[in-house]
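Worksheet: one structure, shown below.
Derivation of every value follows stated rules applied to the coordinates shown; laboratory data play no part. Small disclaimer: the values here were computed from a predicted structure and weren't measured. Ideal geometry is used to build each Cβ from the backbone, glycine not excepted, and the neighbour counts take in all protein chains shown.
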Amino acid sequence: MGRHALVGRLILTGVGLVVCFGCGAFEAGTDRGGSSNLQRAKTFLAAADYRRAIEACQKEVTERPSATSYVYLTYVYQALDAYLDSLVRSDRWVLVEQLALSLSPGRPEDLLDSPDVLARIAKELIQESTRKQSDAAAAMATRLDAPTVGTLWTQQKRWRDTQPDGWWLSVPLEWGW
């Protein structure tokens, strides 16, 4: 079995375990009024499955377009960027490569013929596109409702300040996901 196939299986197994054993903890907060898209996004963030977290927030924007939904999408892009920075700061380049692989569509053939990505190049590509998408979503949110955006960013700043070593794996409690 090739190195990438093994890494792919390990990632899938790890995400599966987190989802299987972690869902009960996240389901406890589901009756707080959050949408199922956001509840899924929160679970995906906890698993560091940023592709699916972004997809869930994009679906939220499509189904319930608002300044709030755009801020949530922006937050997930920024969480991905911060997670990537944390991996680089701790010199965990294998995990950067795994992150790059997890951001791919996840087709079955990727397990057999996964692309070779140099981790440092992947980091630059991911961060550049993530920051552009984040800026675009933030601008849309601000155009819709600047006061609400200000409130949400104040909440997320407090959250980041109280969770400096892992804020990117969840969302502010006030958001009720």
Of 162-171, 37-46, ordering from highest average Cβ density within 10 Å down gives 37-46, 162-171
Going by C-beta contacts inside 10 Å, put 69, 102 in order with the fewest on the left. 102, 69
Based on the Kirkwood radius over alpha-carbon pairs, what value in µm²/s does the Stokes-Einstein equation return for the translational diffusion coefficient of segment 38-177 at 4 °C and 1.567 mPa s? 83 µm²/s
Express in nm, to one decimal, how much length is gained between residue 161 and residue 125 on full extension, taking 0.36 nm for each residue of separation and deducting their alpha carbon distance. 10.2 nm
Under a cut-off of 16 Å between alpha-carbon atoms, report the lysines in cross-link reach of residue 132, not counting same-chain residues fewer than 8 places apart. 123
Burial ordering of 145, 49, 85, 161, fewest other beta-carbon atoms within 10 Å first: 161, 85, 145, 49
Working out 0.36 nm times the residue gap between residue 153 and residue 92, then minus their Cα-Cα distance, what length gain in nm do you get to one decimal? 19.0 nm
How many angstrom lie between the Cα centre of segment 43-76 and the Cα centre of segment 152-177? 14 Å
